[in-house]
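To start, the structure itself, in structure tokens.
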Amino acid sequence: MVDTAVRLTEQDARAIVELAALAPSIHNTQPWRWRLDGAGLHLFADPERLLRVADHEGRQLLISCGAALAFARFAVRSRGLVPEVAYGPLEETGPPTARDPLATITVTGRQPATAAETELARAIAVRHTDRRPFLAGERGRLGPDDVSALRRAAETEAAWAWFVEDTDSRITASVLLSRAD
């Protein structure tokens, strides 16, 4: 059962932001700011941390902020709180500004975290980037169970996972990445 009318405390907000700060970001710039007020915990883009040469349109900055928001949601749940996220308006053109929040997290109740949510929050603290390529053989290939688990995990976040496993998929991915760049 979920209780209602729960306000995010400063202590909770600090713990949440501390975990959110461990999110991956473009060149570890951490291009976000957080603000707590009576309406909730607000996530802002920090345009001062925009890498104008590598990310002139702010796409990677927004992806980095999205990672911080996801980590913040996991942190909220690990504290037994139920988050609700309201997304702010995005600029149609150009890099994000610091004017409007990208998102606001409010707490809609209390509910004990599941074992999986607790495990995800613990994993944040030990997360690291590994840029080494996957190798063929034991370490490099994902098994069917791994692929299914990753697809399910993506779907719980209203996303999808696409695996590049053959030459045609590699070509398609290269074309899409080129267009996105």
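Computed quantities for the displayed model
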read-out: Residue ID - modelled with the highest pLDDT, chosen from residues in segment 16-35 that are open to solvent by 100 Å² or more (accessible area, probe 1.4 Å) and over 23 Å from ASP100 (Cβ atoms); value: GLU18
read-out: Matching residues in segment 144-165 - criterion: being charged (D, E, K, R) and farther than 23 Å from ARG73 by Cα; value: ASP145, ASP146, GLU165
read-out: Residue match in segment 39-54 (condition: in a strand (DSSP E or B), out of contact with any Asp or Glu (no Cβ under 7 Å at 6 or more places or on another chain), small (Gly, Ala, Ser) and closer than 13 Å to ILE105 by Cα); value: yes
read-out: Selection count, segment 86-106, where residues are in contact with a helix residue (DSSP H, G or I) (Cβ under 7 Å, 6 or more places away or on another chain) and within 18 Å of TRP34 (Cβ to Cβ); value: 6
read-out: Residue tally, condition under 19 Å from VAL85 (Cβ atoms) and either touching a helix residue (DSSP H, G or I) at 6+ places or on another chain (Cβ under 8 Å) or free of Cβ contacts under 8 Å to residues at least 12 places away in the same chain (or both), over segment 47-65; value: 3
read-out: Criterion violated by LEU8 - all others in (1) open to solvent by less than 30 Å² (accessible area, probe 1.4 Å); (2) in a strand (DSSP E or B) satisfied; value: (2)
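Residues are listed down the side, and each one gets a yes or a no for (1) under 22 Å from ALA113 (Cα atoms); (2) open to solvent by 20 Å² or more (accessible area, probe 1.4 Å):
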{"residue": "ARG14", "(1), (2)": "yes, yes"}
{"residue": "GLY40", "(1), (2)": "yes, no"}
{"residue": "CYS65", "(1), (2)": "no, no"}
{"residue": "ARG73", "(1), (2)": "yes, yes"}
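The values are calculated or read from the model by the stated rules, or taken from the named source; none is laboratory data. In this text, all values refer to a predicted model and were calculated from it rather than measured experimentally. With ideal geometry, Cβ positions are generated from the backbone for all residues, glycine too; neighbour counts draw on all protein chains shown. Note: areas computed on protein heavy atoms with side chains; ligands, DNA, RNA excluded. Shrake-Rupley method; radii C 1.70, N 1.55, O 1.52, S 1.80 Å.
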